[in-house]
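Step one of this worksheet: look at the structure below.
The values are calculated or read from the model by the stated rules, or taken from the named source; none is laboratory data. Computed from a predicted model, the values in this text were never measured in an experiment. So basically every Cβ, Gly included, is an ideal-geometry build from the backbone, and we count neighbours across all protein chains shown.
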Amino acid sequence: HSKTMCSRFIGSLVGAIVGDCIGADFECRPFVDTLHLSNFLTSMAGKTGRGNKVSYTDDTAMTRSVADSLISKKAFNASDMAMRFAEEYFQNPGRGYGANVVQVFQDLHVDRYADVYQSAREQFGGTGSYGNGGGMRIAPVALFAMNDTEKLIQIARDSTLITHTNKKGYNGAILQCLAVQQALTHQHAPSVRLSREKFVEDLQEKMKKIEGKLDDANKATKASEEEAKVKDVKTQGDPSSKDFFYVEYLQKVKTLISYGDVPRIKIKHVLGVGIAAHRSIPTAIYCFLRCMEPVEDLRNIDHGNALARTVLYAISLGGDTDTIASMAGSIAGAYYGIESVPSMWQDRCEGVECATSQAKELYHLATGD
Ligand code: 8NA
Ligand code: MG
Ligand code: MG
Ligand code: MG
């Protein structure tokens, strides 16, 4: 059992990397066809020798900082994590960061990390970012706090608030973190497959408590209380202002899964493939669940491997491909384990070795083994 769990820790971080590295080439494309994906994988396999790696982007850069911070402090430490985000950015600014989050790094640096939550609160006129940048880097938190859901929720929220103070931003990151945790801790039993319906219902149950809290904003989010007041006045009747926002998105995921094979255009329309947390995190969860079953036009390139299928399917939706594939890949990796990540992918994606040792450290911290 414990060897299997360690494999799932590694699978989660490496699954996130392969999604980011392979997905990055397709970012922002409205459509990605199977032939294009197939050609990309062929050229990836053909790269040999030095410089054969496919590069990772901001998603992995920030995930690495989250893991490094948790490992070195053996706890969540906001200033340490903020400093790692900013220093990594200044060392490698060309990783394709979100357009606005870079302002937070600048402010953190200029203000010498005095209040690491201040700059993010000021983003977007005080409403805070709802980008998926919190969710894209959250997998290490799920590994670190695997056995303590309350702690997991708190670290997911507080670590996201360093850059994203909009409720949709940090609740999205919490949802993604809970999805990784559920995938990781699901007990595989011979011949009993995970109930996809129950997987979603369990997430709904947890999100209902989180989204239902009256003051779900915490110490670090003065701005979001004001935002909530403004929103009450401004957007009455707007479905996006409802309290149980992610609970409702999860309902859509459940319905779409029950339909079986659904045209991609419908997934893109209902769930989205954008850079907003709410238009990409439920989508990533859908990709993981949908790909437990074969996808007809991916049969020739997934070789019957459900993890590979999850990543390729997420990319095939277009839009924010690196981030959605990375988030879907981290859930799938936590469920299937590192053995399911194709060895060619492991070999050709930048950062796999580092993620592997980080996952082992996190496994040690979480289990004592
Ligand atoms: P972010 O906080 O800058 O948010 C990303 C974008 O979301 C912003 O630039 C805005 O356009 C929009 N947005 C967020 N909150 C609001 C708001 N309250 N009002 C209006 N618009 C808003 O950065 P992030 O870390 O959340 O972004 C993550 C994404 O950026 C990932 O997809 C990542 O891969 C990267 N990304 C890079 C490229 C690229 O050019 N390489 C393209 C897309 C995304
Ligand atoms: Mg990226
Ligand atoms: Mg400032
Ligand atoms: Mg992206």
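Before moving on, here are some points about what is shown:
- Counting only helices (runs of 4 or more DSSP H) that sit completely within region 251-369, those holding 3 or more residues that are at pLDDT 95 or above and not charged (D, E, K, R) correspond to 264-270, 281-290, 306-316, 321-336, 343-348, 352-367.
- Whenever a residue of region 106-131 is without any contact (Cβ under 8 Å) to a residue 12 or more places away in the chain, it has no partner that is within 11 Å of ligand 3 (Cβ to nearest atom) lying with C-beta atoms less than 6 angstrom away and at least six residues away or across chains.
- Close pairs (7 angstrom Cβ cut-off, 6 or more residues apart or separate chains): closer than 14 Å to Tyr249 by Cα in region 202-223, outside any helix (DSSP H, G or I) and at pLDDT 90 or above anywhere: Lys208/Phe244; Glu211/Phe244
- Pair list, Cβ < 8 Å and 6+ apart or interchain, from region 6-18 residues that are modelled with pLDDT of 95 or more to residues that are outside any helix (DSSP H, G or I) and among the hydroxyl-bearing types (Ser, Thr, Tyr): Ile17/Tyr56
- Subset of region 72-103 [in a helix (DSSP H, G or I) and farther than 29 Å from Ala366 by Cβ]: Phe90, Val102, Gln103
- Residue among Phe26, Phe9 that is more than 16 Å from ligand 3 (Cβ to nearest atom), in a helix (DSSP H, G or I) and aromatic (Phe, Trp, Tyr): Phe9
- Residues of region 27-48 include at least one that is buried (at least 18 other Cβ atoms within 10 Å of the Cβ), under 22 Å from Ser316 (Cα atoms) and within 13 Å of ligand 2 (Cβ to nearest atom).
- Residues that are part of a loop (DSSP other than H, G, I, E, B) and under 30 Å from Cys6 (Cα atoms) within region 114-159 comprise Asn132, Gly133, Gly134, Ile138, Ala145, Met146, Asn147, Asp148, listed in sequence order.
- Some residue of region 135-156 being touching a residue at least 40 places away in the same chain (Cβ under 8 Å), within 16 Å of ligand 3 (Cβ to nearest atom) and surrounded by fewer than 16 Cβ atoms within 10 Å (Cβ to Cβ): no
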